[in-house]
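Each remark here refers to the structure printed beneath this line.
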């Protein structure tokens, strides 16, 4: 594994975040037979994969030649990271972005032994196979080129985070207040529909709802009030 400069690590973070988004979005879209934009953000990146990859690469640096230790270190550190992110996101936004409750030996659905083993296997593949061509690819860019790319990506990423947090907080309010009187619920669901029009995948990333579900709820509530 290569030892990178800070600006190279930043670019690698965005690469793995993009690959993670491709993987999750493709898997979920095939499963649901429609396009599903996975993750918390609007853009084509899942930072949990970017941070996860960097953490695994850093932690396994001292043991990168030992397959068993790479597996164990990767499985443990990735599981801890996944638990902290999952727990934090649910406490902050009252929404679950993954749930392993159906898997054996899980901890509150945030992590589970089968997934931890997958993380261990991924760590082996990451350290010994994936990171090699990616490191060579990144090494082809000059320091100036990477710094410019990092700045552009970081600005876009920051804007995306801000907008997604605003949308998620709006959505948190909506989901917590669906037990209000019918007239108020209609106002809330109308707001949810506007949010969905700006970002059709946002609500489905919270409670697997779609804009059609919101429209159905709206029509049902309006009919009940009119009748």
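The values are calculated or read from the model by the stated rules, or taken from the named source; none is laboratory data. All of these numbers come straight from a predicted model, not from anything done at the bench. Every residue, glycine among them, receives a Cβ derived from its backbone with ideal geometry; neighbour counts consider all protein chains shown.
Select from segment 145-168 the residues that are loosely packed, with under 12 Cβ neighbours inside 10 Å and under 12 Å from residue 40 (Cα atoms) and write down the one among them that is modelled with the highest pLDDT.
Applying the filter and picking the extreme gives 162.
Which one of these is surrounded by fewer than 16 Cβ atoms within 10 Å (Cβ to Cβ), in the same structural domain as residue 126 (by TED's automatic domain parsing) and part of a helix (DSSP H, G or I): 28, 34, 91?
Going through 28, 34, 91 in turn, just one is surrounded by fewer than 16 Cβ atoms within 10 Å (Cβ to Cβ), in the same structural domain as residue 126 (by TED's automatic domain parsing) and part of a helix (DSSP H, G or I): 91.
Quick test for you: out of 14, 81, pick the one residue that is modelled with pLDDT of 95 or more and under 28 Å from residue 152 (Cα atoms).
When all the criteria are applied, what remains is 14.
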